[in-house]
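First up is the structure itself, then whatever we jot down about it.
The values are calculated or read from the model by the stated rules, or taken from the named source; none is laboratory data. Note that this is a predicted model, so its numbers are computed, not measured. Note that each Cβ is placed from the backbone with ideal geometry, even for glycine, and that neighbours are counted across all protein chains shown.
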4 protein chains.
Amino acid sequence: MIRVTVWNEFVHERHNAAVAAIYPDGIHNTIAAFLRPHVDLDVRTATLDEPDHGLSEAVCRDTDVLLWWGHAAHDRVEDAVVARVHRRILEGMGLVALHSAHVSKIFTRVLGTSGVLIWREAGERERVWVTNPGHPIAAGLGDCIEIEHSEMYGEPFGIPPPEEQVFISWYEGGEVFRGGNCWRRGNGKIFYFSPGHETYPIYHHPQVQQVITNAVRWAQPQGHWPNGFRNVLPEQAHEKIVATGPSVHGPGGTLVGRGKADA
Amino acid sequence: MIRVTVWNEFVHERHNAAVAAIYPDGIHNTIAAFLRPHVDLDVRTATLDEPDHGLSEAVCRDTDVLLWWGHAAHDRVEDAVVARVHRRILEGMGLVALHSAHVSKIFTRVLGTSGVLIWREAGERERVWVTNPGHPIAAGLGDCIEIEHSEMYGEPFGIPPPEEQVFISWYEGGEVFRGGNCWRRGNGKIFYFSPGHETYPIYHHPQVQQVITNAVRWAQPQGHWPNGFRNVLPEQAHEKIVATGPSVHGPGGTLVGRGKADA
Amino acid sequence: MIRVTVWNEFVHERHNAAVAAIYPDGIHNTIAAFLRPHVDLDVRTATLDEPDHGLSEAVCRDTDVLLWWGHAAHDRVEDAVVARVHRRILEGMGLVALHSAHVSKIFTRVLGTSGVLIWREAGERERVWVTNPGHPIAAGLGDCIEIEHSEMYGEPFGIPPPEEQVFISWYEGGEVFRGGNCWRRGNGKIFYFSPGHETYPIYHHPQVQQVITNAVRWAQPQGHWPNGFRNVLPEQAHEKIVATGPSVHGPGGTLVGRGKADA
Amino acid sequence: MIRVTVWNEFVHERHNAAVAAIYPDGIHNTIAAFLRPHVDLDVRTATLDEPDHGLSEAVCRDTDVLLWWGHAAHDRVEDAVVARVHRRILEGMGLVALHSAHVSKIFTRVLGTSGVLIWREAGERERVWVTNPGHPIAAGLGDCIEIEHSEMYGEPFGIPPPEEQVFISWYEGGEVFRGGNCWRRGNGKIFYFSPGHETYPIYHHPQVQQVITNAVRWAQPQGHWPNGFRNVLPEQAHEKIVATGPSVHGPGGTLVGRGKADA
């Protein structure tokens, strides 16, 4: 059972009539609704206005894959929650970052880059090409996905080199975009998928739903990565060594002589 | 002329006699001293206790390559300074992260991972193997560098996959470590080099000095990357398109309907 | 059911008494024997002296993961068989290349590099460190694997940058080696694992057996990648275009005007 | 001084009137002509019909960067010449593979993949987007290059993951293509650039000429990589070891007991 949390800032659906018409219960509930029928997925939602943004320590610990949708309120996400989510990703929780999440705090924090791009909101046609047909996230798709109305996201895109390139998008207005990219950070898997502007019914598109469902399965945790420092004492070394020389560490590996604010 | 800033927290050299004996003027001044004779390098230093940690907007703007040494006081580095340095790296400034910088705020911020590892301070022998002999950072070295006394840093190392692997270290006590790694983030180049524990005279070692000098040249900025968003209006599209559909943006691309804290 | 073929040149086991003592039925049968108890694996073997080296079209087509062990007779492997195996890898068959396979025709063909390294046969100790503890190929292992007697393989190793680094080895004599590396080529997954010199009982080591078993499961085919050219005619384009200009192609996309040897 | 050899199969220019009209002296001479004015480049040409295809040992040894254009006669290139060029690339010679070179013997040999793609010859518009504006190969370009008439090359493209993605193309007919990709193999740098169909005057385009000139400079050799095996004897080990166990090697590291064809 993969424990999935769909996070959404849930702002535009409550303040913009056009968006509300497409996602009356919020983008998170639309996504949760198409994931729930899959018997291997245990799906919950979380939103910005909940305490801890719905991402308490307990929720993070019990989440295998986190989906993230945000656009208007990236700056309202608490840094402490971002740090908590970041830590869980490095431990193994998968992150599926959707659309405007390319500049969310969590996406830029875990990748370390700006996430900037060029953009245009004109309802133009987007065609999402599969560049890696055998990849699990492309399973069940054909050569490409046609999205009749979409927001353009264009290159250059401020990301680290994708470790696996699954999709690249074509736009009617003449641009291209690396819109389906995989990375691994610590023990966590990260997938970014660009389609999903809130003024078009993109998360109602069956092939987009297929991609997101595939991505959730791909991003599930595997194995275990001890996420902390470890001091191996000289007498614990695999090869026999004789410790020598001065030290800046005291007993237990703590630093001594930090100066002003020794700790 | 490559404008180099050598940053050092400069703590242990002032509070630990053994370290002070090796680096009486601080690690930064030792590094600056071996870089300065190179006529293509214009070298300055900066330390934690200076205003802005010596890394004002002006200094960052006028720095092509930043070297970073820190160990005891990572937490005393202001987040605002880290954000400023991070932004400059994405614009093109090179970062040469030395030794304990593997858990500095700037290194973990720009790579997005924990930087954790296993370690032992026992003065054991380290042998730094060149895994990529043709790489510019390995220029002038032989097969390996012998460091008679070193702190052990061992795997697993919490970093993204290196884009170029220049060195891997062997330790007398039985461990290995990916201690010479390259990445690119935005328009900036990043090199991490693990040798450099402060209780041993490692920055006096001619081959270590060679590596750092090579790394500074490798990490110098190249080209230009516009580091901001750009809204391409429908009438500016390369292909003729007709804008359609609703919008969440107002004039000039600003978001409307952010809810509670509209801005 | 994963269909596994264990290939071995099967030379030294028949001509060297020391090797025969360790692997009386050949390395392939030792490996097959520890894989067979796993109910998800359907295991067969193939060797150099069989017709087609035991790798007919039918065998290749019915193989999901191929293990390759060779050392003394790389040059006796027919190029036509190598081409067939290569094609199958690009279609999705996994390749687990063992020990001296680093200079086998198939390994260097599918990676494009030399596979050269430095080496020493002195029965020294090797310690295989896990650099990616959460990786499926490291499942069930601790921090490292101790191999009491091993052949040294050292850097620089002539391979493309590993896409995932699972293991790095330490040697008693002072070297290091990237001995556990993953790549993807076309739709196929490739894993190289260095331990396995034939004069030591390395394939009897439980943790080495664990690694190979894990690797077989990791390397199993996923998805489907159409492995051929496709001519998309102008009238088949997703966007309406009007074909224009001269052509070097005739009907059906065949080239015309190849000169001397038109075909 | 960078020693450049521009190789061309030189077939269509002699057998197809439309191609001859654009490149009366052959594509190689057009490319050589725009490279020659650069005082840091020493440019020669070589073609298929010359002895050794113009790529003798001496020519290869004296070439720093090789450009390769072929389309109709890939199969007429001798395997021995391909092996020679391959060896030189691993030693450090740069390779700039142009257009249909994506299925040339040398490109597929050095990358190990099929190079297959989808294609259409319809004279449609191509727009080459810069995805890495700071990269040396993108120097002097704007956001994109417009090519009024081009052959479409589309995804999926059978290549290993690019180590640096410099360009991605958009096509009027609706496809995208990773048409500007960097790899390193051994000590050699490889750049593939897709525009260049012979029925359109693409190599007369100033920005295409800029890309190729940039690529030649980027691909020039750096450093030195010893491209052979090396046997480190037990007494030469950095750490003192005592050799133990049986051997399959005789004096000088030669293998013994190769069976049938002992050598």
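Collect the residues in the stretch D:176-193 that are more than 8 Å from every other protein chain (Cβ to nearest Cβ) and either more than 22 Å from D:ALA72 (Cα to Cα) or within 14 Å of the chain's Cα centre (by Cα) (or both), keeping them in residue-number order.
Start the filter on the stretch D:176-193 by keeping residues that are more than 8 Å from every other protein chain (Cβ to nearest Cβ), which leaves D:177, D:179-182, D:188-193.
Within the stretch D:176-193, D:GLY179, D:GLY180, D:ASN181, D:CYS182, D:GLY188, D:LYS189, D:ILE190, D:PHE191, D:TYR192, D:PHE193 meet the criteria.
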Could you list, in sequence order, the residues of the stretch C:127-171 that are among the aliphatic types (A, V, I, L, M) and in contact with a strand residue (DSSP E or B) (Cβ under 9 Å, 6 or more places away or on another chain)? C:VAL128, C:VAL130, C:ILE137, C:ALA138, C:LEU141, C:ILE145, C:ILE147, C:MET152, C:ILE159, C:VAL166, C:ILE168
Which of the residues that make up the stretch B:51-101 are among the small types (Gly, Ala, Ser) and assigned to a strand (DSSP E or B)? B:GLY94, B:ALA97
Could you tell me whether the stretch D:133-151 includes any residue that is surrounded by 21 or more Cβ atoms within 10 Å (Cβ to Cβ), free of Cβ contacts under 8 Å to residues at least 24 places away in the same chain, at negative phi and within 13 Å of chain C (Cβ to nearest Cβ)? no
For the stretch D:203-244, give me each residue that is within 16 Å of the chain's Cα centre (by Cα) and closer than 17 Å to B:GLY134 by Cα. D:ARG217, D:TRP218, D:ALA219, D:GLN220, D:PRO221
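Tally time: how many residues in the stretch D:102-116 are part of a loop (DSSP other than H, G, I, E, B), of a type in the set (A, V, I, L, M, F, W, C) and buried (at least 22 other Cβ atoms within 10 Å of the Cβ)? Let's see the steps before the verdict.
Start the filter on the stretch D:102-116 by keeping residues that are part of a loop (DSSP other than H, G, I, E, B), which leaves D:104, D:112-116.
Narrowing further to those that are of a type in the set (A, V, I, L, M, F, W, C): D:116.
Right, trim to buried (at least 22 other Cβ atoms within 10 Å of the Cβ) and you get none.
Going through the stretch D:102-116 one residue at a time, the tally reaches 0.
Would you call C:HIS15 modelled with pLDDT under 95 and more than 16 Å from C:GLN220 (Cα to Cα)? Walk me through how you get there before you give the answer.
On the way: modelled with pLDDT under 95: yes; more than 16 Å from C:GLN220 (Cα to Cα): yes.
In short, yes.
Is it the case that the stretch B:80-93 has a residue that's under 22 Å from B:PRO221 (Cα atoms), facing chain A (nearest Cβ under 7 Å) and more than 11 Å from the chain's Cα centre (by Cα)?
Within the stretch B:80-93, one or more residues are under 22 Å from B:PRO221 (Cα atoms), facing chain A (nearest Cβ under 7 Å) and more than 11 Å from the chain's Cα centre (by Cα).
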List the number of the failed condition for A:GLU164; all other conditions in (1) facing chain B (nearest Cβ under 10 Å); (2) farther than 13 Å from A:PHE177 by Cβ; (3) in contact (Cβ under 8 Å) with a residue 12 or more places away in the chain hold. (1)
Which listed residue is within 15 Å of D:VAL82 (Cα to Cα) and either within 14 Å of chain C (Cβ to nearest Cβ) or of a type outside the set (Gly, Ala, Ser) (or both), from D:VAL59, D:VAL43: D:VAL59
Within the bounds of the stretch A:102-112, is there any residue that is hydrophobic (A, V, I, L, M, F, W, C), touching a residue at least 24 places away in the same chain (Cβ under 8 Å) and away from chain B (no Cβ under 11 Å)? no
Can you find a residue in the stretch D:172-190 that is of a type in the set (Asp, Glu), touching a strand residue (DSSP E or B) at 6+ places or on another chain (Cβ under 7 Å) and touching a residue at least 40 places away in the same chain (Cβ under 8 Å)? yes
Output the number of the condition that D:GLY123 fails; it satisfies all remaining conditions of (1) surrounded by fewer than 22 Cβ atoms within 10 Å (Cβ to Cβ); (2) in a strand (DSSP E or B); (3) at the interface with another protein chain (Cβ under 7 Å from one of its Cβ atoms). (1)
For B:TRP7, are the conditions met, namely being surrounded by 24 or more Cβ atoms within 10 Å (Cβ to Cβ), under 30 Å from B:GLY228 (Cβ atoms) and in contact with a Phe, Trp or Tyr (Cβ under 8 Å, 6 or more places away or on another chain)? yes
So if I check each of D:GLY173, D:GLY158, D:GLY196, which one is at the interface with chain C (Cβ under 7 Å from one of its Cβ atoms), touching a His at 6+ places or on another chain (Cβ under 8 Å), in a loop (DSSP other than H, G, I, E, B) and modelled with pLDDT of 95 or more? D:GLY173
Residue in the stretch B:64-76 that is closer than 23 Å to A:GLY158 by Cα, modelled with pLDDT of 95 or more, within 14 Å of chain A (Cβ to nearest Cβ) and surrounded by 22 or more Cβ atoms within 10 Å (Cβ to Cβ) present: no
Looking only at the stretch A:1-54, which residues are among the polar types (S, T, N, Q) and within 17 Å of the chain's Cα centre (by Cα)? A:THR5, A:ASN8, A:THR45, A:THR47
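Which members of the stretch B:10-21 meet the condition of being surrounded by 19 or more Cβ atoms within 10 Å (Cβ to Cβ) and either touching a strand residue (DSSP E or B) at 6+ places or on another chain (Cβ under 6 Å) or of a type in the set (A, V, I, L, M, F, W, C) (or both)? Before the answer, list the steps.
Filtering the stretch B:10-21 down to residues surrounded by 19 or more Cβ atoms within 10 Å (Cβ to Cβ) leaves B:10-13, B:16, B:19.
Of everything in the stretch B:10-21, those that are surrounded by 19 or more Cβ atoms within 10 Å (Cβ to Cβ) and either touching a strand residue (DSSP E or B) at 6+ places or on another chain (Cβ under 6 Å) or of a type in the set (A, V, I, L, M, F, W, C) (or both) turn out to be B:PHE10, B:VAL11, B:VAL19.
Does B:ILE31 count as within 12 Å of another protein chain (Cβ to nearest Cβ), part of a helix (DSSP H, G or I), in contact with a helix residue (DSSP H, G or I) (Cβ under 9 Å, 6 or more places away or on another chain) and surrounded by 24 or more Cβ atoms within 10 Å (Cβ to Cβ)?
Working: within 12 Å of another protein chain (Cβ to nearest Cβ): no; part of a helix (DSSP H, G or I): yes; in contact with a helix residue (DSSP H, G or I) (Cβ under 9 Å, 6 or more places away or on another chain): yes; surrounded by 24 or more Cβ atoms within 10 Å (Cβ to Cβ): yes.
No: the conditions fail for B:ILE31.
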With the first residue restricted to the stretch C:212-235 and required to be facing another protein chain (nearest Cβ under 7 Å), and the second required to be acidic (Asp, Glu) and surrounded by 18 or more Cβ atoms within 10 Å (Cβ to Cβ), Cβ contacts under 6 Å at 6 or more apart or on different chains are C:ASN227/C:GLU91
Flagged in the stretch D:72-90 as in contact (Cβ under 8 Å) with a residue 40 or more places away in the chain and in contact with a strand residue (DSSP E or B) (Cβ under 7 Å, 6 or more places away or on another chain), in numbering order, are D:ALA72, D:ILE89, D:LEU90
